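Beneath this line is the structure, given in structure tokens, with notes to follow.
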Amino acid sequence: MTLFLVFIGTFFSILNSSMVNVALPTIMIEFGIDIQSSTWLYTGYMLPYAIAMSIFGSLGDMYSSKRIFLLGVFIFAMGSLSCSIAGSFWMLLASRTIQALGAAAIMTNSMVLAIAPFEQNQRSAVLGWWGMISSAGSLIGPTLGGVLTDHIGWHSIFYINLPFAAVILLLGGNYIPSMPKTNSTKIFDYRGSLYLIISLVALLLAIIIGSTSGWLTKTTLPLIGLFLLFAWLLFRQESRISQPLISLALLQNPSFAATVIVGFLQGAALFGSMLLIPMYLQNVHEFSPTHAGVLVLPLSISMMIMAPIMGKLATPPKIRMLTVSGMAILAMGIWIFSRLSLQSPYWLLAAALVATGIGLGVSSTPLTSNLINVVPQSQMGMASGLFNMVRYLGGVIGSTIFGAFIQQRVAAYIIPLTISGYTAPLAEKMALGKAFPEAFLMGAATAAIGMIAAFFTGTSRKIKNP
């Protein structure tokens, strides 16, 4: 029952994220926003999601993963309810931020709860099944989100979360066992949390504004300075106290550090591309949300198939080889997207989706397996939070840069097309058809760099308890 409830929490938090991607073009029309503005709905979710992961991971170590997991389910449900009744873009954005905080608590602690009852040699297999459930959310999300958006409205993709949350909250108190506090004497690092939040918000605002308005503007430069200041304060704080929010000893382990770097690059390539694919299918090929959701099924199916297989194969001697191979396949899959055109047959799109899904399935489980192999149980929440925070930060940065890049390239292409005599709608469609492949090429290059970093993963000595 524990795994069932934990897997439900994991499933519906990922399900909602993948549904929103398909609904974005419809939301753009209703609120009258462009592609660049629509990425705020993505960034407004991913930024607090990424930042909160490390904080909720440490809180799980302190107060038990069960309590923080159930708190996350409640927060996510309240955010979903608020999203479902949002009547403006800004209310939806604020509600998505609440959702993100709940999802961060769910995802960081669900992995800890899932593996806790099992011996070390069984945990990779459990992670494989956990990865399959995550992939199932990605698999069902686009199709279900497209159907709901087309036939009921985009608001429905949010209130569908409420029954899942109710089941977990009603049963979780009795059926999820209370785990012992691994850091019962720990004092929460409030100052480190404040420094982390300010530094990351400043960094991401600098990237968002800099990618559109320029890096040397009066707005961007102070944000960069603010980031550097609070990043330094965070480093000094974490190196001086005995119970830090982020243990620097974790990053001193070469294998763990490499795992985090690969996670960042995988996140940038993955989430940047996943944000673009539904937009590409709907804006360039003019597919309906339902049709677009069905078309991306090969990606999620291949991920779901590979995850449990990798759970069995991801033993310490094979982790490096599997991670490198997965990142190479991921780079190839995203590269195929860059070769698509308006005349491309569906089999080429399917090949890109399958290769991308296989690459993600092959690389993701070994990464999380490596994490649990080198981190002691007392720091599992912190390590999980740090890894996922960096991975999703990569997603925020990747999607922001890719979105801004497309907007700039469309602006560059659309002027000569309009001058050539094309109507405005046709010129915009043709400009998007040229800009999307270029953005996918950036994603492929990012994954290729991740493949190089993956050579430094593989289990090394286990990090000692603090």
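The values are calculated or read from the model by the stated rules, or taken from the named source; none is laboratory data. Just so it is clear, the structure is predicted and the values come from calculations on it, not from any experiment. Cβ: placed from backbone, ideal geometry, glycine included. Neighbour counts: every protein chain shown. Just so you know, the surface numbers come from the protein's heavy atoms only, side chains and all, with ligands and any DNA or RNA stripped out. Shrake-Rupley method; radii C 1.70, N 1.55, O 1.52, S 1.80 Å.
Could you list all residues from segment 1-49 that are small (Gly, Ala, Ser) and in a helix (DSSP H, G or I)? Steps first, please.
Step one: list which residues in segment 1-49 are small (Gly, Ala, Ser), which gives 9, 13, 17-18, 23, 32, 37-38, 44.
Of everything in segment 1-49, those that are small (Gly, Ala, Ser) and in a helix (DSSP H, G or I) turn out to be GLY9, SER13, SER17, SER18, ALA23, SER37, SER38, GLY44.
Residues are listed down the side, and each one gets a yes or a no for (1) open to solvent by 10 Å² or more (accessible area, probe 1.4 Å); (2) closer than 23 Å to VAL296 by Cα:
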position: LEU3; (1), (2): yes, no
position: ILE14; (1), (2): yes, yes
position: VAL20; (1), (2): no, yes
position: PRO48; (1), (2): yes, no
position: PHE56; (1), (2): yes, no
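Is it the case, given these coordinates, that ALA52 is assigned to a loop (DSSP other than H, G, I, E, B) and buried (at least 19 other Cβ atoms within 10 Å of the Cβ)?
Numbers: assigned to a loop (DSSP other than H, G, I, E, B): no; buried (at least 19 other Cβ atoms within 10 Å of the Cβ): yes.
The answer is no for ALA52.
In segment 421-445, what count of residues is obtained for those that are open to solvent by less than 50 Å² (accessible area, probe 1.4 Å) and either touching a Ser or Thr at 6+ places or on another chain (Cβ under 7 Å) or outside any helix (DSSP H, G or I) (or both)?
So the count comes out to 6.
Counting residues that are basic (Lys, Arg) and modelled with pLDDT under 85, which helices (runs of 4 or more DSSP H) fully inside segment 240-336 reach at least 1?
Numbers: elements: 248-251, 254-279, 289-295, 297-313.
Answer list for segment 240-336: 297-313.
Which of the residues spanning segment 356-381 are assigned to a helix (DSSP H, G or I), among the hydrophobic types (A, V, I, L, M, F, W, C) and open to solvent by less than 10 Å² (accessible area, probe 1.4 Å)?
First, the residues of segment 356-381 that are assigned to a helix (DSSP H, G or I): 356-374, 377-381.
From what is left, the residues that are among the hydrophobic types (A, V, I, L, M, F, W, C) are 358, 360, 362, 367, 371-372, 374, 380.
Scanning segment 356-381 gives LEU360, LEU367, LEU371, ILE372, VAL374, MET380.
Please go through segment 188-226 and pick out each residue that is over 22 Å from the mean Cα position of the chain (by Cα), in contact (Cβ under 8 Å) with a residue 24 or more places away in the chain and more than 13 Å from ILE51 (Cβ to Cβ).
PHE188, ASP189, ARG191, THR212, LEU226
On the basis of being under 16 Å from TYR392 (Cα atoms) and either open to solvent by less than 30 Å² (accessible area, probe 1.4 Å) or in contact with a Gly (Cβ under 9 Å, 6 or more places away or on another chain) (or both), does MET78 make the cut? So that I can check it myself, show each step before the final result.
Details: under 16 Å from TYR392 (Cα atoms): no; either open to solvent by less than 30 Å² (accessible area, probe 1.4 Å) or in contact with a Gly (Cβ under 9 Å, 6 or more places away or on another chain) (or both): yes.
It is false that MET78 is under 16 Å from TYR392 (Cα atoms) and either open to solvent by less than 30 Å² (accessible area, probe 1.4 Å) or in contact with a Gly (Cβ under 9 Å, 6 or more places away or on another chain) (or both).
ILE406 - would you say it is of a type outside the set (Phe, Trp, Tyr), assigned to a helix (DSSP H, G or I) and farther than 28 Å from LEU196 by Cβ?
Values: of a type outside the set (Phe, Trp, Tyr): yes; assigned to a helix (DSSP H, G or I): yes; farther than 28 Å from LEU196 by Cβ: yes.
Yes, satisfied.
Among the residues of segment 336-351, is any in contact (Cβ under 8 Å) with a residue 60 or more places away in the chain, farther than 20 Å from GLY403 by Cα and under 22 Å from the mean Cα position of the chain (by Cα)?
No, every residue in segment 336-351 fails to be in contact (Cβ under 8 Å) with a residue 60 or more places away in the chain, farther than 20 Å from GLY403 by Cα and under 22 Å from the mean Cα position of the chain (by Cα).
How many residues does segment 164-189 hold that are modelled with pLDDT of 85 or more and open to solvent by 80 Å² or more (accessible area, probe 1.4 Å)? Break it down into steps so the answer makes sense when it comes.
Step one: of segment 164-189, the residues modelled with pLDDT of 85 or more are 164-171.
When the remaining residues are screened for being open to solvent by 80 Å² or more (accessible area, probe 1.4 Å), the result is 170.
Residues that pass the stated criteria total 1.
Any residue in segment 239-247 that is hydrophobic (A, V, I, L, M, F, W, C) and open to solvent by 30 Å² or more (accessible area, probe 1.4 Å)?
Residues of segment 239-247 that are hydrophobic (A, V, I, L, M, F, W, C), as a first pass: 241, 245-246.
Still in the running and open to solvent by 30 Å² or more (accessible area, probe 1.4 Å): 241.
Yes, the conditions are met somewhere in segment 239-247.
Check SER363, SER384 and return the single one that is within 30 Å of ALA103 (Cα to Cα) and modelled with pLDDT of 85 or more.
Details: SER384 fails: modelled with pLDDT of 85 or more.
The match here is SER363.
If you scan segment 261-283, which residues turn out to be over 21 Å from LEU340 (Cα atoms) and buried (at least 21 other Cβ atoms within 10 Å of the Cβ)?
So in segment 261-283, the residues over 21 Å from LEU340 (Cα atoms) come out as 261-267.
VAL262, GLY263, PHE264, LEU265, GLN266, GLY267 - these are the residues of segment 261-283 that are over 21 Å from LEU340 (Cα atoms) and buried (at least 21 other Cβ atoms within 10 Å of the Cβ).
How many of the residues in segment 337-351 are in a loop (DSSP other than H, G, I, E, B) and surrounded by fewer than 19 Cβ atoms within 10 Å (Cβ to Cβ)? If you could, list the steps in order and put the result at the bottom.
To start, the set of residues in segment 337-351 that are in a loop (DSSP other than H, G, I, E, B) comprises 338-345.
Okay, now just the ones that are also surrounded by fewer than 19 Cβ atoms within 10 Å (Cβ to Cβ), so 338-339, 341-345.
Number of matching residues: 7.
Enumerate the pairs (first residue in segment 1-25 and under 23 Å from LEU70 (Cβ atoms) and of a type in the set (Phe, Trp, Tyr); second residue anywhere and part of a helix (DSSP H, G or I) and open to solvent by 10 Å² or more (accessible area, probe 1.4 Å)) with beta-carbon separation below 8 Å, excluding pairs fewer than 6 apart on the same chain, so at least 6 apart or on different chains.
Within 8 Å, the pairs are PHE7/TRP129; PHE7/TRP130; PHE7/ILE133; PHE11/ILE133; PHE11/SER134; PHE11/ALA136; PHE11/PHE164; PHE12/PHE164.
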